[in-house]
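The structure appears below as structure tokens.
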Amino acid sequence: MMNQMQKACLEACNACAVSCLQCVAACLKESDVKAMASCIALDLECAEICRLCVSSMARDGACMKQICELCATACDMCAAECAKHAHAHCKECADACKRCAEACRVMG
């Protein structure tokens with residue numbers, strides 16, 4: 001059974017993954033998609049790592065703490081990239097990434 005800390009982290013990871021994928025979709029609609037290439041790449045990587053983190057937590061996986069650490073790092077990188085852009089979707093993604101990184105660090 002999951003404790004409150006794990007549930008909070010799982011929810012933050014799910015929210016972050018969704019926010020990252022929404023950011024990707026919005027970035028692809030920007031007029032200068034090439035300028036958003038790094039943002040898109042980090043969004044996709046972060047979303048995948050968040051999903052891996054959720055899966056590991058759901059199973060109480062043996063590598064859960066290490067995956068949470070990796071997830072926090074990926075979220076930090078994604079948040080930093082999204083913060084470089086003025087788009088609302090990037091700001092929302094950066095905020096979700098920061099919340100997720102914080103929740104993942106609590107798990108470590």
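Some notes on this structure:
- Helix 4-27 vs. the chain, principal-axis angle (Cα, 0 to 90°, nearest 10): 20 degrees
- Among the trypsin sites (Lys or Arg not before Pro) found in segment 64-108, those both in a DSSP coil and sparsely packed, with 16 or fewer other Cβ atoms within 10 Å of their Cβ, are K84.
- Averaged over residues, the count of other Cβ atoms within 10 Å places the peptides 22-30, 46-54 in the sequence 46-54, 22-30, highest first.
- Each 5 Å bin from zero up to the one holding the largest Cα-Cα distance in segment 49-108 carries the following percent of pairs: 4, 23, 27, 20, 13, 8, 4, 1.
- Straightening the chain between R105 and M5 buys 34.9 nm, computed as 0.36 nm per residue apart minus the Cα-Cα spacing.
- Computed on the Cα trace of the chain, the radius of gyration divided by the Kirkwood hydrodynamic radius gives Rg/Rh = 1.01.
- Computed E for A37/T73 - FRET, C-beta separation, R0 22 angstrom, nearest 0.05: 0.60
- q = 0.18 Å⁻¹: log10 I(q)/I(0) that the Debye formula gives for segment 1-63, counting C-alpha atoms only: -0.64
- Karplus-derived 3J(HN,Hα), 6.51/-1.76/1.60, for each residue of segment 34-51, Hz, glycine and proline x: 4, 5, 9, 4, 5, 4, 4, 4, 5, 4, 5, 5, 4, 4, 5, 5, 4, 5
- Heavy-atom accessible area for S38, with the other protein chains in place and a 1.4 Å probe, reaches approximately 70 Å².
The values are calculated or read from the model by the stated rules, or taken from the named source; none is laboratory data. The model shown is predicted, which means the values in this text are computed figures rather than measured ones. Here Cβ is always computed from backbone atoms with ideal geometry, including for glycine, and neighbour counts include all displayed protein chains. All accessible areas refer to the heavy atoms of the entire protein, side chains included, with ligands and DNA or RNA removed. Shrake-Rupley method; radii C 1.70, N 1.55, O 1.52, S 1.80 Å.
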